[in-house]
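Visitor: Let me give you the structure first, and then I'll get to my questions.
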Amino acid sequence: MTESLQQIVDRARAEFAAVSEGPALEDAKARYLGKGGALTELLKGLTALPPEEKKSRGAEINRAKETVEEALRARRAELAEAALAARLAAEAIDVTLPGRGRGTGGIHPVIRTWQRVEEIFGSIGFDVADGPEIEADWFNFTALNNPPNHPARSMQDTFYVDMKGTDGLPLLLRTHTSPMQVRYAREHARALVEEGKPIKVIAPGRTYRVDSDATHSPMFHQVEGLWIDEAISFADLKGVYTDFLRRFFETDALTVRFRPSYFPFTEPSAEIDMMFDSGPLKGRWLEISGSGQVHPAVVRNFGLDPERYIGFAFGSGLERLTMLRYGIGDLRLFFEGDLRFLRQFA
Amino acid sequence: MLIPESWLRTYCNPPLDTDQLAHALTMAGLEVESVRRGAPPFTRVVVGEIVSRGKHPNADRLSVCTVNVGEAAPLSIVCGAPNARAGIRVPCALVGAELPPGEDGKPFVIKQAKMRGVESAGMLCSARELGISDEASGLLELAPDAPIGQDLRTHLALDEAVFEIKLTPNRADALSVYGVAREVAAITGAALAPEPRRAISPTLTEVLPVRVEAPDLCGRFAGRVIRGVNARATTPAWMRERLERAGQRSISALVDISNYVMLELGRPSHVFDLDRVHGPVTVRWAREGERLELLNGQTVTLDASVGVIAAGDTVESLAGIMGGEATAVTLDTTNVYVEAAFWHPEAIQGRARRFGFATDAGHRFERGVDWATIPEHLDYLTGLILEICGGQAGPNDAQTLRLPERAPVTMRVARARKVIGIDIAADAMSAIFTRLGLAHTRAGSGESETITVTPPTYRFDLSIEEDLIEEVARIHGFDAIPSRPPLARAAMRARPEAERSLHTLRARLAGQDYFEVINYAFVDAAWETEVVGNADPIRLLNPIASQMAVMRSSLIPGLLANIRHNAHHRADRVRVFELGKVFRRDASVTDGPLTVAGVAQPLMIAGAAWGGALPEQWGAPKRAVDFYDVKGDLGAVLPPDARFARVQHPLLHPGRAACIRVADAVVGVLGELHPEHLARFDLTQAPIVFELDAAALQRLSLPTPKPVSRQPVVRRDLALVVEASVESERIVKTLSSAAPAFVQSLDVFDVYRGSGLSEGEKSVAIRILMQDFERTLSDSEIDEACQRLLSVATTELGARLRT
C-alpha cells in the first residue's frame, strides 16, 4: 500500500527533527525533495494521470512539498541557532576577573577640599589668588596691622629663613594665607576705584608655623577669603560664610556661631564655630575659621580709602575642613604619603 | 588665664549658673576654653579625725585606726599610710562611697570588708585617691580645725569652678579677676562692686630717692619703704587657696601678696629687699653690655633697648619684666621697698621674648596696664603686707612723668550701622557704652549723629572709630546680627580657554595612576646638597628638627621618601606626584606682585614611578616601569610640541635622563634615578622620576583645526638600518625635511636590535601615511616619494633598507 501525502509529510518532519547536524538534515531533505525524493517521485507520477485528476493531485502534492520545505527551513534555523549558541557558550569568559592594565590614582584629600572651596566660592564670583610662600615681613605682618614687637605676633610662631628682604628684615615662611589677600588687593585696587569691580577673592595655599604635635603640623593649608566693596558688612560675612559651610558639608543641619575675637587685621573680629545637628560630632562646637571686617589700616595698605571701601575677610584651615568632612582623626595622615590612606580618595 | 568663679563673683555676681556665665563670657570675646573643678566627682567622703592608731595584728605595714566622723560611734578603719597618726584630720570615705575611677577606668566603691582578718568600715584617703592632686605619699592632712563629719567637697570647695579663659592680646584690661568682673558687669548688666582699697597712714617718713631718667620707658613710678616685716609669716589660707585655684603656687608671704594683687587687680608690682639695694635708684635704659642675674637664675646681657631699674651702678631689675636675684626678698628679709609703675607698652613689647622667656608682669605691661590707680593699688598692696607680715610703712612716693593720651574717639552712628550691617538705634549704642563704663557724649542727629567716647585709662584698645564699632557689635551680640546673603552685581568670571587649571593637571596625572601626596617644604640639608646638587639651599633660622632644616629646591627627594615609606609597608608598586613650590636663591628676582626679591619660588609638578609598569595582574606579564612608560604618562600633561633631549642631571642616570623643552624653554626633566642615590632611600630598583614647571604645563594654544581630506590614505612602511646611536627624532626630522607635502605623517612603530643586524646597529621601522587633499595619489608618485625618503636616509643618516 502506498503512503498518503500526510504520512510522507509526517515522516519528513520526524526525520528532520531527529537529525542534529546540518549535513544529516541535507541528506534527509534529499530523501523528500531531492531528485529521487519521495515527493519528487510523486510529482513525476502525475504525468500518468488524467488531466482533471492531475490538476487536483498536483496541487495536493505541491502543498505537501511546501509544508516539507517549510519544516526544513525551520529545522535549518533551529540547528543554526543551536550551533551559534554552542559556539557562544564555548567562548564564555569569567567576567568577574579584574580588568587589565593600569589603575587610577587619586587627588589628595586636602586638595580635594581646596578644589571644592574654589568651586563653591567661584559660584558667586570669587577669583583665586596666588602668592609666595617665602614672604616679606611687611606682607605677612606689618601690612596686616601687626607691626614688629606687637604682642599679637606671638600668636603665630614664625619660621625665618637666612635671607633678608629689601627692607632689611628677615624673610619668613608665611604664617597664614593673608599676605596673598594684601598682594591681590593691591593689584586690583585700581579696578575697584576706577571700574567699580569689587575685590572678591579666595587665596588657598600652604602656610607654616613653628608648631608640631598631634593636632598641629609645621606646614598646613589655609584658605583666605576677602570681599571689599562699598558696603560689604559683617552681616554679609555671616551670610556668606554660613552659606559656604552648608554647601561644603552638603547639609543645612548645622549651626554656625560667630564669637567676638581679636586679630590685628580685622575689626570687629570673629571666631566662627560650627556644630553638626547629627552624626558623630553632633552637639560639639568646632572652631572652623577666624574672620572679621577688614581693619581700616589694612584697607589703607591695600591702597584704598577705608572711608569708602569696607568688607570682610576670613581664614580657614583646609586640613580642619577635610578632617570634619571625611571624619579623619589624625592630622599626620595627610603628610605621610601612605598609599593605604590616599587610595581611599581615588 | 585661670579665674576662680567664687573670686570673680565677689566683684560681680550675675544671676547665671556656671555654664551660663562661661557661655556669656565666650560670646563676648573672653573665650572660656574649659571650666575646671577642684576634683573629679566622688561621694560620701567626709572630714574624719584619727582618734587613735593601733598596730594591725597580722600585718606590719598596716595600722588600725579609730576614726571619729561625727557619728555616735567611731569607725574602725584599716590603713596603710605612713602618716596615719592620732590627732590629724583626714578625708574619710564611708561605706558606700564612690571614689574617682582608678587606672582601670572603673569607679571605686567602698565596702565593709575584712583586711587581713580585721574589719574595716571605710577608707582614709590620699589627695591622689580623690583626684585632688598627684600627691600619693600619705593621707591628705586637713586643717586641724576642719569640721568633723563635714562633706569634703564642701570643706575644700572642690565643686568650685575655675574658668580657663583664652584672652585675646587686645584685652589688657581683662587680665585680672577684677577686669573680668568689669566685663561680666558690662555683658550681664549685674552690679560691679568697687575695687578693694586700703587706707595707709605712714608711720615712717623714710623715702627711697628715685630718679626716672627715661620718661619714654616709665611714665609713672610709685614706691614705698616698709620696715620690720616678717617675711616668714604664713600666707593666709584664703589667699593661698585663691592663688592656687588661679594656678599660682604659694611661695612666701611677700611674693604671694604681690602675685595676689596682680591676679586680683591686674597690677604687677615688685618687692625689693631694701637692705640689698645700695645707692640711689634710677630708672633708665640699660647700657650696652650691662649684665643682670634674674630671679629665674638666668643671666642676661642688656642693651639700650631694654629698660632697667638700677641702684647705684648696679642693674637690679628688668623694668616691667622681672626682678634681679641680688635684691630679691628672702625669708630673712625684714625691710622692703615695694614698687608699682607704668611702663610704656612699646618699651616692653618683644623684650622678654628676645631673652627667650615670658613673665606675667611683662605679659601685662606689653599690652598695657592702667596708670591711674597706681598709688591706690600700692596702698592696697601695702595694707595686705602690714596685715600679714606686719611692719612700719613709709609714705607712698609717686611721681608722674609722661602718660599716654586718651584722646576722645568719635564714632559715627551711620558708619557703625554700615560696617555691622544692621540698624542699631543710637540709643542702644549709647546704652552699650554706658554698660561698658565708657564715658561718652552724643552730638548731631539722624544720619549725622555721632557718639564720642573718652576711653578709660585701663582700656588700651580704644583709639579709632572701628574699636568702638567693635564694642557695639560685641555687646549687642554677634548672634543678634543676621546672616544675610549679600546683594552684589552679577558679573561673569571665566578662566582663559587656553589655560589649564592646576586641578586639571592634577586630575590628569591621577588619571595616569599617580596618587597625589603633600610633603613638607623643609627638608634634610643632605637631600639638597648631596641628592639635588644644590650647594647653597635656603636655610631656616629656627627649624624644628634637623631633617627639616632647609627649603627644598626639588620635590623629587620627598617623593623618593614616599616610595621608601610605602615600600616599608610592603607596597611593591608606588606611583606618586606632588604639586608644590620649590625655593632657590636667585638674585635676578625682584620684588613684584607675586615675587619676593632674591628668591625664586616656582610651582613645580613632580612624580615618581617605582615597581611594575602595571599592577601585578593575571593578564599581563610582569615588567618593571621604565623611562618610556613614564614618558607616555607625561603625554597627559605636556603640550603636544614638547621635545625631549638627553641631559646630565645630578639626580638622574646619565644615560637615561632627558630635559623637556616646550617652545625652546626647558620646562623640566624626566629620567631614571641615578643608581648612587638608591641606597639613601632603601631602594634596589630605580624609580623613574620627573619634575616639570607647572606654569609651562598650564599654557596651551587654542585648537586650529584644518579640513579633513576625503581622498584615500596610502600607507608605506620603511625599515631603516642605522647606527644604534642615531636618535629616532633625528631620523624622523631628516625624513620630514625631504618629504613631499602629501606625506601626512612619519612615525616610528618598531625598533629592533639583534640577529640579522651587526653589533652597533638597529633597525627603525617608520610608518608613512600619504594623502593628497585634492586627488588620489598615483603609484608612481608614491614609489617616488618612498625612494626619495630612502635616499635622504642613506645620504644623511648612513641608513640602508632592511631586507
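The values are calculated or read from the model by the stated rules, or taken from the named source; none is laboratory data. Bear in mind the structure is a predicted one, so any value in this text is a computation, not a measurement. Cβ atoms come from the backbone with ideal geometry, glycine included; neighbour counts cover every protein chain shown.
Visitor: Of all residues in the stretch B:599-612, which are within 9 Å of chain A (Cβ to nearest Cβ) and either at pLDDT below 95 or touching a Ser or Thr at 6+ places or on another chain (Cβ under 8 Å) (or both)?
Guide: Scanning the stretch B:599-612 gives a single hit, B:Gln601.
Visitor: Okay, next question. Of all residues in the stretch A:173-188, count the ones that are within 12 Å of another protein chain (Cβ to nearest Cβ) and out of contact with any helix residue (DSSP H, G or I) (no Cβ under 6 Å at 6 or more places or on another chain).
Guide: Taking the stretch A:173-188 first, the residues within 12 Å of another protein chain (Cβ to nearest Cβ) are A:173-174, A:179-180, A:182-188.
Retained after the next criterion (residues that are out of contact with any helix residue (DSSP H, G or I) (no Cβ under 6 Å at 6 or more places or on another chain)): A:173, A:180, A:183-188.
Here the count works out to 8.
Visitor: Do we have any residue at all in the stretch B:297-308 that's part of a strand (DSSP E or B), over 29 Å from the mean Cα position of the chain (by Cα) and either closer than 16 Å to B:Glu339 by Cα or of a type in the set (A, V, I, L, M) (or both)?
Guide: Yes.
Visitor: If you scan the stretch B:538-562, which residues turn out to be at the interface with another protein chain (Cβ under 10 Å from one of its Cβ atoms) and over 17 Å from B:Pro687 (Cβ atoms)? Lay out the reasoning, then the answer.
Guide: Start the filter on the stretch B:538-562 by keeping residues that are at the interface with another protein chain (Cβ under 10 Å from one of its Cβ atoms), which leaves B:538-545, B:548, B:550-551, B:558-559, B:561-562.
Correct list: B:Ile538, B:Arg539, B:Leu540, B:Leu541, B:Asn542, B:Pro543, B:Ile544, B:Ala545, B:Met548, B:Val550, B:Met551.
Visitor: I've got another one for you. Considering only the stretch A:207-255, state which residues are part of a loop (DSSP other than H, G, I, E, B) and either closer than 20 Å to A:Ala136 by Cα or more than 11 Å from chain B (Cβ to nearest Cβ) (or both).
Guide: First, pick out the residues of the stretch A:207-255 that are part of a loop (DSSP other than H, G, I, E, B): A:209-212, A:214-215, A:217-218, A:230-233, A:249-253.
Answer for the stretch A:207-255, where residues must be part of a loop (DSSP other than H, G, I, E, B) and either closer than 20 Å to A:Ala136 by Cα or more than 11 Å from chain B (Cβ to nearest Cβ) (or both): A:Arg209, A:Val210, A:Ala214, A:Thr215, A:Pro218, A:Phe249, A:Glu250, A:Thr251, A:Asp252, A:Ala253.
Visitor: Got a number for residues in the stretch A:137-171 being part of a helix (DSSP H, G or I), surrounded by fewer than 19 Cβ atoms within 10 Å (Cβ to Cβ) and either modelled with pLDDT under 80 or facing another protein chain (nearest Cβ under 8 Å) (or both)?
Guide: Selection size over the stretch A:137-171: 2.
Visitor: For the condition assigned by TED's automatic domain parsing to the domain that holds A:Arg186 and surrounded by 21 or more Cβ atoms within 10 Å (Cβ to Cβ), what is the one hit in A:Gly225, A:Gly239, A:Gly329?
Guide: The conditions single out A:Gly225.
Visitor: Of B:Asp360, B:Asp303, which residue is within 14 Å of chain A (Cβ to nearest Cβ) and acidic (Asp, Glu)?
Guide: B:Asp360
Visitor: If you check B:Val589 against the conditions, is it crowded, with 22+ Cβ neighbours inside 10 Å and of a type in the set (Val, Ile, Thr)?
Guide: Considered against the rule, which asks whether it is crowded, with 22+ Cβ neighbours inside 10 Å and of a type in the set (Val, Ile, Thr), B:Val589 comes out as no.
Visitor: Further question on the same structure: Is it the case that some residue within the stretch A:319-329 is more than 10 Å from every other protein chain (Cβ to nearest Cβ), of a type in the set (Val, Ile, Thr) and assigned to a loop (DSSP other than H, G, I, E, B)?
Guide: Yes, there is a match, as at least one residue in the stretch A:319-329 is more than 10 Å from every other protein chain (Cβ to nearest Cβ), of a type in the set (Val, Ile, Thr) and assigned to a loop (DSSP other than H, G, I, E, B).
Here is a yes/no grid of residues against (1) small (Gly, Ala, Ser); (2) touching a helix residue (DSSP H, G or I) at 6+ places or on another chain (Cβ under 7 Å):
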site	(1), (2)
A:Glu60	no, yes
A:Glu66	no, no
A:Glu70	no, no
A:Arg73	no, no
A:Ala77	yes, no
A:Ala82	yes, no
A:Glu91	no, no
A:Ile107	no, yes
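Visitor: When the stretch B:448-487 is examined, which residues are found to be farther than 25 Å from B:Val409 by Cα, at the interface with chain A (Cβ under 7 Å from one of its Cβ atoms) and without any contact (Cβ under 8 Å) to a residue 60 or more places away in the chain?
Guide: Hits for the stretch B:448-487 are B:Ser483, B:Pro485, B:Pro486.
Visitor: Here is a further query. Name the residues in the stretch A:7-27 that are touching a residue at least 40 places away in the same chain (Cβ under 8 Å) and under 13 Å from A:Val68 (Cβ atoms), would you?
Guide: A:Ile8, A:Val9, A:Ala12, A:Arg13, A:Phe16, A:Ala17, A:Leu25, listed by residue number.
Visitor: Scanning for something loosely packed, with under 11 Cβ neighbours inside 10 Å, assigned to a helix (DSSP H, G or I) and hydrophobic (A, V, I, L, M, F, W, C), does the stretch A:2-22 turn up at least one residue?
Guide: No, the stretch A:2-22 has no match at all.
Visitor: Please enumerate the residues belonging to the stretch B:170-223 that are away from every other protein chain (no Cβ under 14 Å), under 21 Å from B:Gln20 (Cα atoms) and either in contact with a Gly (Cβ under 9 Å, 6 or more places away or on another chain) or not in a loop (DSSP other than H, G, I, E, B) (or both).
Guide: Passing the criteria: B:Ser176, B:Val177, B:Tyr178, B:Gly179, B:Val180, B:Ala181, B:Arg182, B:Val184, B:Ala185, B:Thr188, B:Leu192.
Visitor: Moving on to the next point. Facing chain B (nearest Cβ under 10 Å), surrounded by fewer than 20 Cβ atoms within 10 Å (Cβ to Cβ) and under 29 Å from B:Glu516 (Cβ atoms), is that true of A:Glu287?
Guide: In short, yes.
Visitor: Pairs please, first residue from the stretch A:257-270 and within 7 Å of another protein chain (Cβ to nearest Cβ) and without any contact (Cβ under 8 Å) to a residue 12 or more places away in the chain, second anywhere and surrounded by 24 or more Cβ atoms within 10 Å (Cβ to Cβ) and among the polar types (S, T, N, Q), Cβ atoms under 9 Å, 6+ apart in sequence or on different chains.
Guide: A:Pro260/A:Ser269
Visitor: Identify the single condition in (1) touching a residue at least 40 places away in the same chain (Cβ under 8 Å); (2) farther than 30 Å from B:Ala161 by Cβ that B:Phe42 does not satisfy, given that it satisfies every other one.
Guide: (2)
Visitor: Within the stretch B:422-449, take every residue that is in a helix (DSSP H, G or I) and of a type in the set (A, V, I, L, M) and give me the one that is surrounded by the fewest Cβ atoms within 10 Å (Cβ to Cβ).
Guide: Per the criteria, the residue is B:Ala428.
Visitor: Also, quick follow-up: Would you point out which residue out of B:Ala372, B:Ala398, B:Ala340, B:Ala347 is closer than 28 Å to B:Val225 by Cα and within 14 Å of another protein chain (Cβ to nearest Cβ)?
Guide: B:Ala347
Visitor: If you don't mind, another one. Output the number of residues of the stretch B:746-800 satisfying the condition of being touching a strand residue (DSSP E or B) at 6+ places or on another chain (Cβ under 7 Å) and not in a helix (DSSP H, G or I).
Guide: Residues that pass the stated criteria total 25.
Visitor: Turning to a different aspect of this structure: Please determine, by comparing only the residues of the stretch A:331-346 that are out of contact with any His (no Cβ under 9 Å at 6 or more places or on another chain) and more than 8 Å from chain B (Cβ to nearest Cβ), which one is nearest to A:Met219 (Cα to Cα).
Guide: We begin by selecting, within the stretch A:331-346, every residue out of contact with any His (no Cβ under 9 Å at 6 or more places or on another chain); these are A:332-333, A:335, A:341, A:343-344, A:346.
Add one more test, that the residue is more than 8 Å from chain B (Cβ to nearest Cβ), and what stays is A:332-333, A:341, A:344.
Numbers: A:Arg332: 11, A:Leu333: 13, A:Phe341: 19, A:Gln344: 23 Å.
Selected residue: A:Arg332.
Visitor: Between a residue in the stretch B:296-313 that is at positive phi and any residue that is at pLDDT below 95 and among the hydrophobic types (A, V, I, L, M, F, W, C), which pairs come within a Cβ distance under 6 Å, given they are 6 or more apart or on different chains?
Guide: none
Visitor: Just the residues that are within 14 Å of chain A (Cβ to nearest Cβ) and of a type outside the set (S, T, N, Q), please, taken from the stretch B:2-34. Quick ask: steps written out before the conclusion?
Guide: The first filter runs over the stretch B:2-34 and keeps only residues within 14 Å of chain A (Cβ to nearest Cβ), leaving B:19, B:22-34.
If the condition is that a residue be within 14 Å of chain A (Cβ to nearest Cβ) and of a type outside the set (S, T, N, Q), then B:Asp19, B:Ala22, B:His23, B:Ala24, B:Leu25, B:Met27, B:Ala28, B:Gly29, B:Leu30, B:Glu31, B:Val32, B:Glu33 are the ones that fit.
Visitor: For the list (1) more than 18 Å from B:Val261 (Cβ to Cβ); (2) outside any helix (DSSP H, G or I), I need the number of the one condition that B:Ala347 fails.
Guide: The number of the failed condition is (2).
Visitor: Taking strands (runs of 3 or more DSSP E) that fall entirely within the stretch B:1-98, which contain at least 2 residues that are charged (D, E, K, R)?
Guide: The qualifying strands (runs of 3 or more DSSP E) are B:31-36, B:45-56, B:59-68.
Visitor: Related question: Only one of B:Asp360, B:Asp332, B:Asp370 is surrounded by fewer than 18 Cβ atoms within 10 Å (Cβ to Cβ), within 15 Å of B:Pro268 (Cβ to Cβ) and in contact (Cβ under 8 Å) with a residue 40 or more places away in the chain. Can you tell me which?
Guide: Residue meeting the stated conditions: B:Asp360.
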